[in-house]
1. Evaluated at 25 °C with a viscosity of 0.890 mPa s, what Stokes-Einstein diffusion coefficient in µm²/s does the stretch 149-231 have when Rh comes from the Kirkwood expression over alpha-carbon pairs?
2. Which distance in Å, rounded to a whole number, links the C-alpha centroids of the stretch 239-317 and the stretch 45-113?
3. Provide the per-residue ³J(HN,Hα) series for the stretch 287-292, in order, calculated from phi with Karplus coefficients 6.51, -1.76, 1.60 and θ = phi - 60°, each as a whole number of Hz, with x at glycine and proline positions.
4. How would you order 279-285, 211-217, 164-170 from highest to lowest mean count of nearby Cβ atoms within 10 Å?
5. When only Cα pairs under 8 Å and 6 or more residues apart are kept, what is the percent relative contact order across the stretch 122-187?
6. Before anything else, pin down the relative contact order of the stretch 221-326: Cα pairs under 8 Å, at least 6 apart, normalised by residue count, whole percent.
7. For the chain, what value does the Rg/Rh ratio take when both radii are computed over Cα atoms and Rh is the Kirkwood radius, given to two decimals?
8. Once the Cα atoms of helix 333-346 and of the chain are each reduced to a long axis, what angle between those two axes, in degrees from 0 to 90 to the nearest 10, is obtained?
Amino acid sequence: KPQAGQDASAGAKQMKMLRRLPQILRFVPGTAQDLRAYFLTLQYWLGGSQENIHNLVLYLVDRYAKQALPDKSAALKVSSPAEYPEVGVYHPRMASRFAADAGALPKPAAGGATGTVGVLLLRSYLLSNNAGHYDGVIAALESRGLRVIPAFAAGLDSRPAIEAFFVKDGHVVVDAVVSLTGFSLVGGPAYNDSKAAADVLAQLDVPYLAANPVEFQTLDQWGGSDRGLLPVESTIMVAIPELDGATGPMVFGGRPGAAGVTCTGCHHACTFKATDTAQDMHSCPERALMLAARITKLVALRRSERAARKVAIVIFNFPPNAGNIGTAAYLSVFESMFHTLVAMKAQGYSVDLPDRDRKST
């Protein structure tokens, strides 16, 4: 995956080389075959679908542990690593579940969509067929009449997905972006590039929300806790995305608790069954609907005429009732407010400007 500051296409170039090296090394005898085995193992692992993990185990057993089999001469049937799009779109109603072309996404319902939302997903969950938490959010957004473009990129750099599906011919085609990855826009727990993320978000110039599943605890543990998120979850999934410019953090799903346990995280009181394995991801119904409601409001606000919008301005007043309104240290609060109102009026907001000589009274 590309490190901070690298071009967003670096990951794709590395994957292309990773696929090419085993084809070259197959003709080199000796220890080079172990190197080839290493690169093939990486291909299986990074394309971590159930099919690839199954063949990964078969490949390693066939090459290094066949002597442990009852029939040591038996040839295991090992398929080559299945390849999946490095950058693509996902939808639970698509036949193949994910594709490299946004045209494969289901068409909006009759009557058209009230707006378009770009949703960023983790490719690893899609490949492992464990995307129930994403499906719940997608369904909640579509129930609000929104067109949803769920997109993913390999690794933890979302820029390739944004450039491929949220921008077309230089024009932004989404009204809002929501990340469900639980990570920063560019990078993960080990590194993040907030400057690169800010540059991308400035180009999009649409609302950006980051919601997260609970990853280090189960839904029933989270629901029954007065603390909510664990410190590591608050850091990785809330604080770091906020450095990028993300707003509105909230939990939208996670893994179930023990069979028969009822989650107390919301009034839906989901009870997990024995068929719900500990590794299966689920959306929280109340949180998914709440997230969809927030995004719907933001999309409607962005599409509204600026003159019709209502904007509240909060200014400094501490301690209260002591004549401290607008007395922030070293800041010309009322001067700044006046210039802000002038800029808003110039951009189409309906503003009644005070007389400049009376702006501080």
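1. On the way: Rh = 14.3 Å.
Once the numbers are plugged in, D ends up at 172 µm²/s.
2. Between the Cα centres of the stretch 239-317 and the stretch 45-113 lies a distance of 30 Å.
3. Values per residue, Gly and Pro as x: 5, 5, 5, 5, 4, 4 Hz.
4. 211-217, 279-285, 164-170
5. 32 percent
6. 20 percent
7. On the Cα set of the chain, Rg over Rh gives 1.07.
8. 80 degrees
Every read-out reported here was derived from the displayed coordinates using simple, explicitly stated rules and does not represent laboratory data. Remember, predicted model here, so these are calculated numbers, not experimental data. Counting neighbours? That spans all protein chains shown, and the Cβs are built from the backbone with ideal geometry, glycine included.
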